[in-house]
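The values are calculated or read from the model by the stated rules, or taken from the named source; none is laboratory data. These numbers were taken from a predicted model, which means no experiment stands behind them. So basically every Cβ, Gly included, is an ideal-geometry build from the backbone, and we count neighbours across all protein chains shown. Surface areas here come from the heavy atoms of the whole protein model, side chains and all, with no ligands, DNA or RNA. Shrake-Rupley method; radii C 1.70, N 1.55, O 1.52, S 1.80 Å.
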Amino acid sequence: FLASTPGTSSNKNGKNENQVSSSSHAMFQTAHDALILLKEDLIMESVNPATTEIFGFTPEQMLGQSIKFLLPNDTNSNMYYVIDLMLSGATSLTYETDATGLKDDGSEFPLRLSVIGLTSDNASSKDSKDDKKAQKGASTGGKKATAFAFILKDMTEERRQSFSVEEAKKEAENI
């Protein structure tokens with residue numbers, strides 16, 4: 001997930017940068033939701049184990065592919081429109097929506113998707129007033145995304161449970 005560089009540099013909290021990177025890597029690897037890092041051209045650069053579990057593809061099948069491999073354009077066109085706006089700096093760099101995923105067996109399934117647009121200064125660990133202003137600008141638009149982080153939650157079970165509750169309500173009303 002994050003490259004760990006040798007050395008003993010510390011961040012503002014006094015933590016060794018390798019410790020921060022190691023913690024980030026551990027979170028990425030153990031998350032229950034699918035986490036996907038994408039380049040600016042929407043090519044998958046990194047996937048966590050949950051992505052394999054949720055979609056059914058191996059990392060080798062996903063890495064180097066367009067995200068459209070997992071999230072077809074025809075059922076997720078609004079999301080791709082918002083990503084285009086993020087790339088041009090015309091909207092906020094965070095977006096959440098319902099989406100449709102494609103499993104390795106060809107079946108579609110519901111997802112909850114969070115998209116985070118990353119900028120070149122997201123990688124900076126400086127703590128200056130200019131950086132604070134840049135971060136504030138990133139949340140309100142104006143900054144152009146240069147990469148993306150996708151967080152995807154499989155909503156199949158939640159939808160199934162919701163449907164069961166609705167059916168039970170209808171049945172109760174008919175009694």
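Structure notes:
- Of all the listed residues (G101, G117, G64), the sole one being farther than 19 Å from K153 by Cα, modelled with pLDDT of 95 or more and in contact with a strand residue (DSSP E or B) (Cβ under 7 Å, 6 or more places away or on another chain) is G64.
- Taken over region 67-98, the criterion of being more than 24 Å from G142 (Cα to Cα), acidic (D, E) and modelled with pLDDT of 95 or more is satisfied by D98 alone.
- Taking the listed residues K153, K143, K169, K136, the one that is at pLDDT 95 or above and charged (D, E, K, R) is K153, with no other qualifying.
- Pairs meeting the criteria (first residue in region 154-175 and open to solvent by 100 Å² or more (accessible area, probe 1.4 Å), second residue at pLDDT 85 or above, beta carbons under 6 Å, at least 6 apart or on different chains) are R159/P110.
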